[in-house]
Amino acid sequence: MPVLDVADLRVDLRTTAGVLRAVRGISFSIERGETFALVGESGSGKSMTALALLDLMPRNGRRQAERIVLDSRDLIRLDEDELRTVRGGTAAMIFQEPMTALNPVLSIGDQMTEGLLEHRPGTALGEARRRAVDLLTRCGVAEPERRLPQYPHELSGGLRQRVMIASALMTGPKLLIADEPTTALDVTVQAQILDLLRELQRAFDLAILFITHDLSLVRRFAHRIGVMYAGEIVESGVAEAVITAPSHPYTRRLIACAPDLAAKRGHRLGFLTGLPPRLLGVLDGCQFRFRCPVVQAACAGAIPQQRTATGVEYRCVQDPQGTAGQGVPERAAASSPHSVGESLLQARDVSVSYRLRGGLFDRSATIQAVRGASLTLARGEVLGLVGESGSGKSTLARVILGLEVPDEGSVTLAGTSMRAVDRRARARAVQPVFQDPYSSLNPRHTVGAIVRAPLDILGLHQPKDRARVVEQMLDRCGLPRHLFASYPAQLSGGQRQRVAIARALVSGPSLVVCDEPTSALDVSIQSQILNLLQDLQRDLGLTYLFISHNLAVVRHLADRVAVMYRGEIVESGDADQVFERPEHAYTQALLASAGRREASG
Amino acid sequence: MLALLGRKLVEAILVGLIISFVTFLLVTWTGDLAIALGGLGASREELQQLRTTHGLDRPILVQYLDWAAKALSGDLGRSFFSKEDVLPLILSRLPVTATLAVCSIGVGIALALPLGILAAIRQGRWIDHTAQSVAAVSQAMPSFWSGLLLILLFGVNLQVLPISGYENWASFVMPSLALGWFVFPILLRLLRAGMVETLNTDYIRTARAKGLSPRRIILKHALRNAVLPVISLAAVQFGQLLGGSVVIEAVFALPGVGQLAWNSIQRADFPVVQAIVLLVAVIFVTMNLLADLINGALDPRIRRA
Ligand code: SF4
């Protein structure tokens, strides 16, 4: 008998725009010792499903189901008090943000033991603490006794997630619901946490419901996968089968969209046009039909029936054969190596340190963010700068953008020192694209005005021509014309990033510094933006400094790669060489983690 | 923790010095102390005489340093009016004002705490709307007016409480209610906003996922976080109350510091005014220090910083 058996689960959210059908009749089950992964992009309903199982939705949420049987109790028929014995009892949850998921003012020991004390009122505190120490040890936390009196801010992100996991296991649950537990962590830490979860699963015979947006992450980690789109599971089955032989057009596209660490540079990502539908009111037919490349008249009728193919079940009106080959890019790959010209940017021995603010009696501490970093960029080249959080990669980017003055070292652009040129000349030559376009776009200006501003400020083109130049650039960046007069708040994340790119390029810079430009975006949107950046680079002969923690994305885009670790560039060279034959121990560890993440067994 | 304390102490001393210097300047610039001493009928020679004996003909900075040095040793001068020493004079008024301050802030907190929590957990429901309307009404009511209404109700109509003067504990009931009623709305708003924000955090979701009882979630997990800014504000308000409420002490004829301040200003009794300002400044800074210490004790992120 499965540990968890869910049938026809639905979640409705009351919003000002109407009733939002966040989860629309999904069914799945998980056996002991099994991991079932729900994979989907934001808004697909995967996290809402996780919360709905234990009735933890936001206040405007209502759930319905035929049954949610957990360990032979039907949760749909329990009242709030009975449900409380299940939460943190038979079923435990861990969440994405280890930084914010622990209460900052309560000690680790307190937070770990309070659940057990609540569920088993007779338990002695000493006994609970012994169990906490025991579980912390099992979760790979060094010096567990010392952790109990500590507070969350004293631990690193990876350590906090270990504490969260240990805390979840205190009551000996049968089901662990893990909502994006590794998303906020660095690659190396991610791999460790996945290893730990697998180990604990074996030791405690745990059933795991794993919620994630990252298909490649669960390839080997999960036994079975359910792919969610618009509140439904559109395809499910054995993990390997879903990933290698997907039958639903959406799954196919999703896989084609994700950059692959093993693939060589230059190939083109698959993409999905448009955005997921808004799930308001009465919904009929296949909700993917607005983006589906093989849509037919029949798709608008009833919701497609479940079909079975080898190893998978999927909901689509067509056979897999009929929709095959749809992961293939629609535009020819940019395989021809673009011409690389003379040296454009040179950063030599750049060092930056920050003084931590100290009070009257504190000796001020300094942090060395970048130590003696050097890099060169040739015209028309893409240099990928990879590193984990705190590696100094963003600080180095700020130096190159002229936003930060280095303590030591120099930056020259096309032969002239950055210090010698004024702000306007620098702005003409170098432009940034940041991770979160929302905070860098003026919310009170329309898209057209935002993109025009650099032209006005720098006095480029005749004033009467500027509107046309702006329009051309926005067209080029793929923003629909009817959005030119909108405000940033009215755009989706991908559209905002298109605007940010248009603004960066409109003044015709030779160098574009992209700092994690797609990290906040869903896979299908990320592929749109990556393809756009690739096209622009080739068509306009641009030079990119492309900064990312995501190795697969850098692999996809970069000609050369520099790896940063603790403020130093530890390795740099041709992308193929660094990725295939890394020399520095850190690069090797980084690649091993990323590879293990995807191919761990 | 010790470093924090040391830092705060130095801050407190600096603020006290600056405030007292500013008052000193204001007092010497706004009136002629010699006239205040000798009266309007004093002759030119008498005034000159007074200036020399009281050292008023020296440069201001010298006068200030002289005053500050004496003040630090506990000598705050003598009242022009009653010729008493200022320090014992103020100290004799302090118990009344302190009792009033403690009771008022108590009333304010007793009203704000449960209402703020209830309003936050029933956000958008009738209890939330009621609490917020009550707060708006009470903030719009000047405290002398609520004081007079109380007098009308309990003193005149029901005749259960003394209307004015200082006899026993009963004399404090109405003034405390009036002042507490006045400080409660801002405490309520801050607590409600803090609770609403805290209840939406990830760690509250974690606490719910652990199956903790709503009581535990609200009182232990949410309140510990939401109450931090409220403590700072309450301490500041308490400091203000300790400086004496001129209006309420006047309405109820309570012989507190506020009343003394009011009378001294009217009589141009500068040494007393000067001393009260210094007292208020010191209390104010001390209360801020206290708030920081309490916050430090409750919030580990501050404590170990
Ligand atoms: S049902 Fe139609 S629209 Fe939906 S995935 Fe299948 S072919 Fe595409």
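Read the figures in this text as sums done on the coordinates, not as results from a lab. All of these numbers come straight from a predicted model, not from anything done at the bench. Methodologically, a virtual Cβ is constructed for each residue, glycine included, from the backbone with ideal geometry; neighbour enumeration extends over all protein chains shown.
So, R0 is 60 Å and r is the distance between the beta-carbons of residue A:82 and residue B:266; what FRET efficiency does that work out to, to 0.05?
0.30
Quick one: Karplus J couplings for region A:19-33, per residue in order, coefficients 6.51, -1.76, 1.60, θ = phi - 60°, nearest Hz, x for Gly and Pro?
In residue order, the calculated couplings are 7, 9, 8, 6, 10, 10, x, 10, 9, 6, 9, 10, 8, 4, x Hz.
In nm, to one decimal, how far is the residue A:120 label point from the residue A:263 one, both placed 7 Å along Cα→Cβ?
Distance between the two pseudo-spin positions: 5.1 nm.
For a quick protection proxy, order the peptides A:491-503, A:227-239, A:393-405 by their average other-Cβ count within 10 Å, most packed first.
Working: A:491-503: 23.5, A:227-239: 25.2, A:393-405: 20.6.
Put in order of decreasing packing, that is A:227-239, A:491-503, A:393-405.
For residue B:245, list long-range residues whose amide hydrogen, built 1.01 Å from N in the peptide plane, is under 5 Å from its own amide hydrogen.
It is B:258, by chain and number.
With a cut-off of at most 15 other beta carbons within 10 Å, and DSSP calling the residue loop, which chymotrypsin sites (Phe, Trp or Tyr not before Pro) in region A:181-223 qualify? Please list them.
Those that pass, being in a loop and sparsely packed, number zero.
May I ask you to derive the FRET efficiency for residue B:202 and residue B:29 from their Cβ-Cβ distance with R0 = 45 Å, giving the value to the nearest 0.05?
Working from the Cβ atoms, E equals 0.20.
Can you tell me how much longer the chain between residue B:169 and residue B:83 gets when fully stretched, taken as 0.36 nm per residue apart minus their C-alpha distance, in nm with one decimal?
Full extension of this stretch gives 27.9 nm more.
Work out the charge dipole of chain A with +1 on the Cβ of Lys and Arg and -1 on the Cβ of Asp and Glu about the Cα centre, then indicate which of A:258, A:19, A:509 is farthest towards its positive end.
Farthest towards the positive pole: A:509.
Taking beta carbons within 10 Å but only from partner chains, what does the mean come to for residues B:293-302?
Mean partner-chain Cβ count within 10 Å for B:293-302: 2.
Taking the Cα centre of chain A as origin, sum charge times position over the Cβ atoms of Lys and Arg (+1) and Asp and Glu (-1), and report the length of that vector in debye to the nearest 20.
The dipole of chain A has a size of about 1320 debye.
Taking the Cα centre of chain B as the origin, how large is its charge dipole in debye, to the nearest 20, when only Lys and Arg (+1) and Asp and Glu (-1) carry charge on their Cβ atoms?
Numbers: 24 positive and 17 negative charges, 349 e Å.
Taking the Cα centre of chain B as origin, the dipole is about 1680 debye.
Each residue of region B:47-55 in turn: what ³J(HN,Hα) in whole Hz from Karplus with 6.51, -1.76, 1.60 and θ = phi - 60°, glycine and Pro shown as x?
Per residue, the Karplus-derived 3J(HN,Hα) values read 4, 4, 4, 4, 4, 5, 5, 8, x Hz.
Going out from 0 in 10 Å bins, what whole percent of all Cα-Cα distances in the protein assembly as shown drops into each bin?
Answer for the protein assembly as shown: a P(r) of 2, 10, 15, 18, 17, 15, 10, 7, 4, 1, 0, 0 percent.
In Å and from the alpha-carbon atoms only, list the Rg and Dmax of region B:95-268.
18.8, 66
Which distance in nm do the two modelled labels at residue A:240 and residue A:306 give, with both placed 7 Å along the Cα-to-Cβ direction?
2.3
Determine ³J(HN,Hα), in whole Hz, for all residues of region B:102-116 in sequence, where each value follows from phi through the Karplus function 6.51 cos²θ - 1.76 cosθ + 1.60 and θ = phi - 60°; x replaces Gly and Pro.
4, 5, 5, 5, x, 4, x, 5, 4, 7, 6, 4, x, 5, x
Would you mind checking A:46/A:393; A:46/B:210; A:174/B:210 for any pair whose Cα atoms are more than 23 angstrom apart? Show your work: numbers first, answer last.
Numbers: A:46/A:393 33 Å; A:46/B:210 20 Å; A:174/B:210 14 Å.
In this structure, A:46/A:393 exceed 23 Å between Cα atoms.
Amide H neighbours of residue A:569 under 5 Å, counting only residues 5+ apart in sequence or on other chains, H built in-plane at 1.01 Å?
A:374
Explain nothing, just the number: dipole magnitude of region B:95-268 about its Cα centre with +1 on each Lys and Arg Cβ and -1 on each Asp and Glu Cβ, in debye rounded to the nearest 20.
That gives region B:95-268 a dipole magnitude of about 860 debye.
Put a dot 7 Å past each Cα toward the Cβ at residue A:583 and residue B:14; how far apart are the dots in nm?
Reported label-point gap for residue B:14 and residue A:583 is 5.3 nm.
Per residue of B:208-220, count partner chain C-beta atoms within 10 Å of its C-beta, then hand back the mean as an integer.
Partner Cβ neighbours, averaged per residue: 6.
Any aspartates and glutamates with Cα under 15 Å of the residue A:464 Cα? List them, leaving off those in the same chain fewer than 8 positions away.
A:456
Mind jotting down the distance between the C-alpha centroids of region A:480-534 and region A:66-131, whole Å?
The two parts, judged by their Cα centres, are 42 Å apart.
For a protection proxy built on the mean count of beta-carbon atoms within 10 angstrom, sort B:102-109, B:46-53, A:246-253, A:546-553 highest first, please.
Details: B:102-109: 20.8, B:46-53: 14.9, A:246-253: 26.5, A:546-553: 22.2.
So the peptides B:102-109, B:46-53, A:246-253, A:546-553, ranked by packing, come out A:246-253, A:546-553, B:102-109, B:46-53.
Compute the helix-to-body angle for B:257-266: its Cα long axis versus the longest principal axis of chain B, expressed 0 to 90° and rounded to tens.
40
Evaluate E = 1/(1 + (r/R0)^6) for residue A:420 and residue A:519, where r is the Cβ-Cβ distance and R0 equals 30 Å; express this FRET efficiency to the nearest 0.05. Spell out each step's value before the answer.
On the way: r = 34 Å, r/R0 = 1.12.
Efficiency computed from Cβ-Cβ geometry: 0.35.
Just to be sure I understand: of the beta bridges DSSP finds with both ends in the protein assembly as shown, what percent are antiparallel, rounded to 5?
Bridges in the protein assembly as shown are about 60 percent antiparallel.
Give me, ordered by chain and number, the residues 5 or more places off residue A:344 or on other chains with an amide H under 5 Å from its own placed amide H.
Correct list: A:377, A:378, A:379.
Per residue of B:193-202, how many C-beta atoms from partner chains lie within 10 Å of its own C-beta, taken as a mean?
Values: counts 0, 0, 0, 0, 0, 1, 1, 2, 4, 9.
Per-residue shielding by partner chains comes out at 2.
Could you point to the residue in B:62, A:400, A:213 farthest towards the positive end of the protein assembly as shown's charge dipole, with +1 and -1 charges on the Cβ of Lys/Arg and Asp/Glu respectively?
A:213
Putting +1 on Lys and Arg Cβ atoms and -1 on Asp and Glu Cβ atoms, find which of B:12, A:45, A:354 reaches farthest to the positive end of the dipole of the protein assembly as shown.
A:45
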